[in-house]
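To start, the structure under review is shown below, and the notes come after it.
The values are calculated or read from the model by the stated rules, or taken from the named source; none is laboratory data. Nothing here was measured: the structure is a model prediction, and the numbers come from that model. Here the Cβ is made from the backbone with ideal geometry for all residues, glycine too, and neighbour counts use every protein chain on show. Note: areas computed on protein heavy atoms with side chains; ligands, DNA, RNA excluded. Shrake-Rupley method; radii C 1.70, N 1.55, O 1.52, S 1.80 Å.
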Amino acid sequence: MELIFELSKRGRRSYRLPKLDVPEVKPSEFVPEGYLREELDLPEVSELDVVRHFTKLSQRNYAVDTTMVPLGSCTMKYNPRINEELAEIDSLRDVHPLTPEDFVQGSLRIAYELKELLKKLGGFADVSLQPAAGAQGELLGLLLILAYHRDRGNKKRKVLIPDSAHGTNPASASICGFEVVTVKSDERGEIDWEDFLRKLDDETAALMITNPNTLGIFEGKVKEMAEELHKRDALLYMDGANFNALVGVAKPGDWGVDVMHFNLHKTFSTPHGGGGPGSGPVGVSERLKPYLPVPQVEFDGEKYYLDWDRPKSVGRLLSFWGHYGVWLKALAYILSWGKEIDKVAKFSVLNARYLRELLRGVLHDPFPDSPCMHEFVLSAVNLRKYGVTAMDLVKRLLDFGFYAPTVYFPLTVREALMIEPTETETPTTLERFALAVRRIVKEAKEKPDLVREAPHRTPVGRIKEAEANRKPVLKFRP
Ligand SMILES: *Cc1c(COP(=O)(O)O)cnc(C)c1O
């Protein structure tokens, strides 16, 4: 397939601007010297060239629109098209962020209502919609914890994080200047209670958990953990990336969680994974409410407004208000489910449990006695004797038309495969997926080279992951 640059023919156009009916201004009159390039080497192509080129490119990839993407922890569910249409309504999309409040009451109301719904769903005293993604939500959560302890004169500098945590958790804690203390997991895949108690001391600022955790297992002692922490004036952070397993069924605020980020793009349906905007609102308990960023969108019974009057606020995270398009999609998604939103959680758990049953005995299950929530982790160690790894297995899955599950995470499970089917897949698709995995396991035994050298049916074969990132070869010949 040719690069778009190779399709280029000088003078070929897809679009022509109307004739200029105002005085011409030369770019050099308003662009400072040194910033202007006379010739931009852009491809010149017809409209049909553009359509064909990008349609072909899109067909060379895997996407939720074409296949199941069981990428654990990422919640790659189908995102209803209607949400996109709402996010594209001109009068919402084209509002300038500095428009006076009186003229954008509707836009503010949308933000306010989303905030109120997230408060309700999470059981929180308040929510900030500002963070741009989950990881920035973590950063905000830890900044709030820092502000809380500073305000009380507490000299606490340690954050406890279980060894199964997502890499962003320790990264966020370190960026905030905390010292990360790792807590072990036990044989059931939960936080080791004894190790937690041993490591919890007066210097502990917070515990950062994920619930259900990254093994897909529910942390059954979450309330007891909150109690132990609060006794020592330490706080409980919950990574809400796995909120899909809970939405409409359980409220982390009720367990004593002090702060949690929501990944709107995961649970509340915005396409993600391609680098598009996300959104990571943060819910807090009463303890952390005074420190939330400015501005907060509020309603005084008559008017929606931005509240800047928060003397203890940590300030702001973004130059503007947040990712409005993602908020809109999340609100549309929540309202379209209405009171039945618990079905999202219930069917995501049911699907994961069904698929796990279908794969029982096929791959090694490191926590056979712990029921899973919306995802589960299996291990390909049983294929080692054939010289086949988890990576080989998922590469071969591509040949069967499925996107790969998350591999080698969490770090606590050898040859880990983390599988999250989400609620939007039908049982038929799950059965087909399980059948493909069974076939590959059989191949590993009988024709291990076929698996080791996979994929065979994709536009490019096995690439060296690190090198391909550093020295990308954009042109390939199928
Ligand atoms: C996705 C994820 C994050 C990070 O969220 P982003 O929105 O990608 O920044 C954090 N923790 C867990 C467990 C996740 O799955």
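Here are the numbers for this structure:
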{"quantity": "Single residue of segment 112-147 satisfying the filter (more than 26 Å from Asp342 (Cα to Cα), within 14 Å of the ligand (Cβ to nearest atom) and open to solvent by 20 Å² or more (accessible area, probe 1.4 Å)) that is farthest from the chain's Cα centre (by Cα)", "calculated": "Leu139"}
{"quantity": "Pairs, first under 8 Å from Gly248 (Cα atoms) in segment 331-345, second surrounded by 15 or more Cβ atoms within 10 Å (Cβ to Cβ) and small (Gly, Ala, Ser), C-beta under 6 Å, six or more apart", "calculated": "Ile341/Gly248; Asp342/Gly248; Ala345/Ala245; Ala345/Gly248"}
{"quantity": "Scan of segment 148-206 for residues that are open to solvent by less than 60 Å² (accessible area, probe 1.4 Å) and of a type in the set (Asp, Glu), ordered by number", "calculated": "Asp163, Asp186, Glu190, Asp192, Asp195, Asp201"}
{"quantity": "Residue within segment 309-326 that is closer than 27 Å to Asp192 by Cα, away from the ligand (no atom under 13 Å from the Cβ) and not acidic (Asp, Glu) present", "calculated": "no"}
{"quantity": "Criterion: open to solvent by 10 Å² or more (accessible area, probe 1.4 Å) and at positive phi - qualifying residue of Gly248, Gly274", "calculated": "Gly248"}
{"quantity": "Residues of segment 314-334 classified as more than 15 Å from Leu139 (Cβ to Cβ) and open to solvent by 20 Å² or more (accessible area, probe 1.4 Å), total", "calculated": "7"}
{"quantity": "Selection from segment 258-278 of residues that are of a type in the set (S, T, N, Q), within 11 Å of the ligand (Cβ to nearest atom) and more than 19 Å from Asn169 (Cβ to Cβ)", "calculated": "Thr270"}
{"quantity": "Residues of segment 338-375 satisfying the condition of being over 30 Å from Glu116 (Cβ atoms), aromatic (Phe, Trp, Tyr) and assigned to a helix (DSSP H, G or I)", "calculated": "Tyr354"}
{"quantity": "Candidates Val388, Val377, Val407, Val381 - the one that is of a type in the set (Val, Ile, Thr) and more than 29 Å from the chain's Cα centre (by Cα)", "calculated": "Val388"}
{"quantity": "Matching residues in segment 141-171 - criterion: being touching a Gly at 6+ places or on another chain (Cβ under 8 Å) and outside any loop (DSSP other than H, G, I, E, B)", "calculated": "Leu146, Thr168"}
{"quantity": "Odd one out for Val183 among (1) within 13 Å of the ligand (Cβ to nearest atom); (2) in contact with a strand residue (DSSP E or B) (Cβ under 7 Å, 6 or more places away or on another chain); (3) more than 22 Å from Phe320 (Cβ to Cβ)", "calculated": "(1)"}
{"quantity": "Some residue of segment 216-224 being within 13 Å of the ligand (Cβ to nearest atom), assigned to a strand (DSSP E or B) and not hydroxyl-bearing (Ser, Thr, Tyr)", "calculated": "no"}
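So that you can scan it fast, the table gives a plain yes or no per residue for (1) more than 30 Å from Gly216 (Cβ to Cβ); (2) not basic (Lys, Arg):
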| position | (1), (2) |
| --- | --- |
| Arg16 | yes, no |
| Val25 | yes, yes |
| Tyr78 | no, yes |
| Glu84 | no, yes |
| Gln105 | yes, yes |
